[in-house]
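These notes concern the structure reproduced below.
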Amino acid sequence: MAIHIIDEANRCLNCKKPKCMEGCPVHTPVPHIIQLFKEHQVMDAGRELFENNPMSLICSIVCNHEMQCAGNCVLGKKGSPVHFSSIETYISDMYLDRMKVKTAEQKKQNVAVIGAGPAGMTVAVILAQNGYQVTIFEQQDKIGGITQYGIPEFRLPKTILSRYQKKLLELGIRIRPNTAIGTTLTIEDLLRDGYASVFVGTGVWKARNLGIPGECLANVHFGIDYLANPSAYSLGEKVAVIGMGNAAMDVARTALRNGAHQVTMYARGRRIAASSHEMAYAELDGAEFVFGKAIERITEKGPVFKTSIMDENNRVTGYEEGEEQTEADSTIIAISQGPRNRLIRTTVGLEGSDRGLLIVDENHMTTRKGIFAAGDVVTGSKTVVHAVEAAKKAAEAMMRYMEKEGA
């Protein structure tokens, strides 16, 4: 690997207007990092990466690089782009354990962060580094959010998240696990107990259903629930996956690693949300793809489909007559997910969209003063780096708010 990333670093053209940097949602200074790496200043490179993106190590592994840094590299127009992600992984992995934790002079304000996913961890790190006393309230027993409970181990080793937790604690961040705000405790309670501001980064954990007969059968499951703990499920040998997004690819690959012999993925049309890389990996693992099948209902035998009629642009224009019963021991629905609404239900003045997503202004403040939000709970399901991008802006806005309120 070391030789590989040195070769990759030497291929970088050090463009004056780096499109790779423009293509990255957090604008990672790719050429500068590569230059530091080539000059053997790995710790300096790691520090710059972490300061720009506290989730740098995670993003280097799970980001959709073909649509971001690598996808915008000028070398990719006629050949192979520079695979900066491999360089970033090497640097950030080395830096995480060796970094010297530094914080500003401690301020009086306490801040509550609801959710220890990528957005919540990013906000917590930035605020702690700036001297604020941060407490994270996490409904699960481990930190990481979607990276812990929604991305399989084979894609993101969970030891990385354990190392992140150690750094959070070194920064003075306190963590309350198994504490779901909006149940026994509410945001109103946090404000009562003196938290100067609250950040909501709870993500989207409510599976979207299809609204068809058969979703309550014993052999039907939802993808987001399955990924949280695959070992709890007995799927059988033949599994049908409804959906072809990136999460659905994770579901298929996980099922194949947990005893399924045949996994077939179904899509209504031919346009799919998954990246070509994730689809290629799923195919390598043994997943099969069937396009043009619209699900009508699910039986004990498996899903029942109608065949889609598509035009020359692969848009679905109708359906053929008749239905097709397919055989599957289990059916997993992995089409999307949305937010749970318990915070809106238990917080006066906190409003959501018709999809249940929190409404925020340009400063990421919600409709309730002093409460901020970012990440999937605002935008719907997106990538880790997009959550980081928004969380950085939210953290800056929170500090401006607290400085103004404390003056």
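The values are calculated or read from the model by the stated rules, or taken from the named source; none is laboratory data. Here the structure is a predicted model, which means the values were calculated and not measured. So basically every Cβ, Gly included, is an ideal-geometry build from the backbone, and we count neighbours across all protein chains shown. The accessibility values were calculated without ligands, DNA or RNA, using every heavy atom of the protein model including side chains. Shrake-Rupley method; radii C 1.70, N 1.55, O 1.52, S 1.80 Å.
Just a few scattered comments:
- Look at the Cα gyration tensor of the stretch 4-135: its axes a ≥ b ≥ c give a/c of at least 1.5 with a/b over b/c, and that counts as prolate.
- Surface accessible to a 1.4 Å probe, residue 307 within the full protein complex, Å²: 40 Å²
- Were the residues from residue 355 through residue 22 laid out at 0.36 nm apart, the gain over their Cα-Cα distance would be 116.8 nm.
- Projecting the Cα atoms of 89, 32, 117 onto the charge dipole of the stretch 1-129 (Cβ charges, centred on the Cα centre) puts 32 farthest toward the positive pole.
- Against the criterion of solvent-accessible heavy-atom surface with a 1.4 angstrom probe, 40, 65 sort, most first, into 40, 65.
- Relative contact order for the chain: 15 percent, from Cα pairs under 8 Å spaced at least 6 residues apart, divided by residue count.
- Site-free segments of the chain were taken between GluC sites (Glu not before Pro) in DSSP loops having at most 16 other Cβ atoms within 10 Å, sites themselves excluded; the longest one is 40-104.
- The 3J(HN,Hα) values that the Karplus relation (6.51, -1.76, 1.60; θ = phi - 60°) gives for the stretch 152-168 are, in residue order, x, 4, 5, 9, 9, x, 6, 4, 4, 5, 5, 5, 5, 4, 4, 5, 4 Hz. Gly and Pro appear as x.
- Positive-end residue of 308, 337, 292, charge dipole of the stretch 223-340 with Cβ unit charges: 337
- Principal-axis analysis of the Cα atoms of the chain puts helix 2-11 at an angle of about 80° to the longest axis.
- From phi via Karplus (6.51, -1.76, 1.60), per-residue ³J(HN,Hα) for the stretch 223-234 in Hz, x at Gly/Pro: x, 5, 6, 5, 5, 5, 7, x, 5, 7, 10, 10
- Simple Cβ-charge dipole of the chain, Lys/Arg +1 and Asp/Glu -1, about Cα centre, in debye nearest 20: 1080 debye
- Whole-number D in µm² s⁻¹ for the chain, Kirkwood Cα-pair radius fed into Stokes-Einstein, 10 °C, 1.306 mPa s: 70 µm²/s
- Note on residue 258 and residue 403: with the Förster distance fixed at 35 Å, the Cβ-Cβ geometry gives a FRET efficiency of about 0.10.
- Whole-Hz couplings from phi, Karplus 6.51/-1.76/1.60, listed for the stretch 42-58; x for Gly and Pro: 5, 5, 5, 5, x, 5, 5, 5, 5, 5, 7, 8, x, 9, 3, 5, 5
- Unit charges on C-beta of K, R, D, E only; dipole of the stretch 51-99, Debye: 260 debye
- About its Cα centre, the stretch 284-384 has a charge dipole of approximately 880 debye under the convention of +1 per Lys or Arg Cβ and -1 per Asp or Glu Cβ, with nothing else charged.
- In nm, spacing of pseudo-spin labels at residue 32 and residue 166 (7 Å Cα→C-beta vector): 2.9 nm
- Residues whose amide H comes within less than 5 Å of that of residue 206, counting only those at least five positions distant or on another chain, are 338, 340 (H built at 1.01 Å from N in the peptide plane).
- Sites residue 11 and residue 104, calculated FRET efficiency, Cβ-Cβ separation with R0 45 Å, nearest 0.05: 0.70
- Dividing the helix sum by the residues of the chain, where each DSSP H run of 4 or more adds -39500 (n - 2.57), gives a mean residue ellipticity at 222 nm of -11000 deg cm²/dmol.
- Residues whose amide H falls under 5 Å from that of residue 302, counting only those 5 or more places apart or on a different chain, are 328, with hydrogens built in the peptide plane.
- For the stretch 225-315, share of DSSP beta bridges that run antiparallel, in % to the nearest 5: 45 percent
- Shape class for the stretch 242-342, computed from the alpha carbon gyration tensor (a ≥ b ≥ c): rounded, with a/c under 1.5.
- Relative to the longest principal axis of the Cα atoms of the chain, helix 276-285 runs at roughly 60 degrees.
- When restricted to Cα atoms, the stretch 48-111 yields an Rg and a Dmax of 16.0, 55 Å, respectively.
- The stretch 198-283: C-alpha gyration tensor shape, a/c 1.5 cut-off, then a/b vs b/c: rounded
- C-alpha long axis of helix 246-257 to longest principal axis of the chain, angle in °: 70 degrees
- 5 angstrom amide H check on residue 199, placed H, neighbours 5+ away: 112, 113, 114, 372
- Comparing Cα centroids, the stretch 228-286 and the stretch 18-65 end up 31 angstrom apart.
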